[in-house]
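Participant: This is the structure I want to talk about, given as structure tokens.
The values are calculated or read from the model by the stated rules, or taken from the named source; none is laboratory data. This structure is a prediction, so every number in the text was calculated from the model and none was measured. Note that we place each Cβ from the backbone using ideal geometry, even for glycine, and neighbour counts take in every protein chain shown.
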Amino acid sequence: MNYTLRQLRVFVAVAQAGSFSRAGNLIGLSQSAVSHSIKELELQTGVRLLDRTTREVVLTEAGQQLAMRLQRLLDELNSTLRDVGRLGQQLSGTVRVAASQTISAHLMPQCIAEGKQLYPDIDFVLHDRPQQWVLESIRQGDVDFGIVIDPGPVNDLEWEVVLSEPFLLLCREDDPLASLAQVTWQALQGAKLVLQDYASGSRPLIDAALAEQQVDAIIVQEIGHPATLFPMVEAGIGISVLPALALPLPQGSHLRVRRLTPVIERKLMLVRRKNRSLSGAAQAIWEVVRMQAQKLTEARIRDPLFNATDYQI
């Protein structure tokens, strides 16, 4: 049978109202539309459901049986749809988010705190992992979404840029470059560099920047954790290029950061599986991360490091 949900609802309305016109008023249809719907339903069922008179419509025996059973089924359907709607809007449960170490250390704590304040019934679980693990966990559905450094073209993921930030020079305060308000990439020619290894999403971007600026530097150390950059540079092993999100510098250090010109930025992205909807709770946390990234962007407008003037910590 090729009947429609609308035909069934129209029939129940007529059975309850006892009139095409009154049923039409209840459900927002014209009398002719109600009559046409009933005729179509009778055609599909192959049985007469209503006896029509000039004053009223009367249910046949088949119509009475159908109306009695159909009302229960439609009530159950409406209840099911309401439950599904509430589930989609539910702001509780567990939301799993993956991010690399620098992002986890310097952006996610504020996101977790804000998420807990706004949505106390949502458990925000952070997975602190290298970028490739983050991307793979998103693809496998092990996390709801992730925050990554621009991985380049990806066809199986949906992404949204939430933060753009420059790469900076990190050096000791007694380094000649520390006396400059800003440093050109070419000033790194022949310099000894301490950089993060390729588990970091920033490393390919730094390599590309050095190549683009035709800088031939010497990579003396490649380390895994971004916090290790600071003691390495302070010990005089080399200088470094790091993203702005790695700041602030450790308290009491004898280090300086300087702008690198021309400005070369990295982009931070919210990433999720393509063609997969987020739950209501996951969407809420997605918005929290976006909001915190926007706040960080606005705060940097007032930071002299991002306005071509000298900056010291």
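Participant: Looking at the range 275-299 only, could you name the residues that are touching a Gly at 6+ places or on another chain (Cβ under 6 Å) and more than 13 Å from M108 (Cα to Cα)?
Facilitator: G280, A281
This table checks each residue for (1) in contact (Cβ under 8 Å) with a residue 12 or more places away in the chain; (2) more than 17 Å from S100 (Cβ to Cβ).
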| site | (1), (2) |
| --- | --- |
| A217 | yes, yes |
| L268 | yes, no |
| S279 | yes, yes |
| V288 | yes, yes |
| I301 | no, yes |
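Participant: Scan the range 1-50 for residues that are of a type in the set (G, A, S) and closer than 20 Å to M68 by Cβ and report the count.
Facilitator: Of the residues in the range 1-50, 8 are of a type in the set (G, A, S) and closer than 20 Å to M68 by Cβ.
Participant: Of all residues in the range 153-172, which are outside any strand (DSSP E or B) and crowded, with 16+ Cβ neighbours inside 10 Å?
Facilitator: V154
Participant: Across the range 110-140, what is the total count of residues that are free of Cβ contacts under 8 Å to residues at least 24 places away in the same chain and either surrounded by fewer than 16 Cβ atoms within 10 Å (Cβ to Cβ) or under 24 Å from G152 (Cα atoms) (or both)?
Facilitator: 6
Participant: Name the residues in the range 173-186 that are surrounded by fewer than 18 Cβ atoms within 10 Å (Cβ to Cβ), more than 18 Å from H254 (Cβ to Cβ) and at pLDDT 95 or above, would you?
Facilitator: The answer is T184, Q186.
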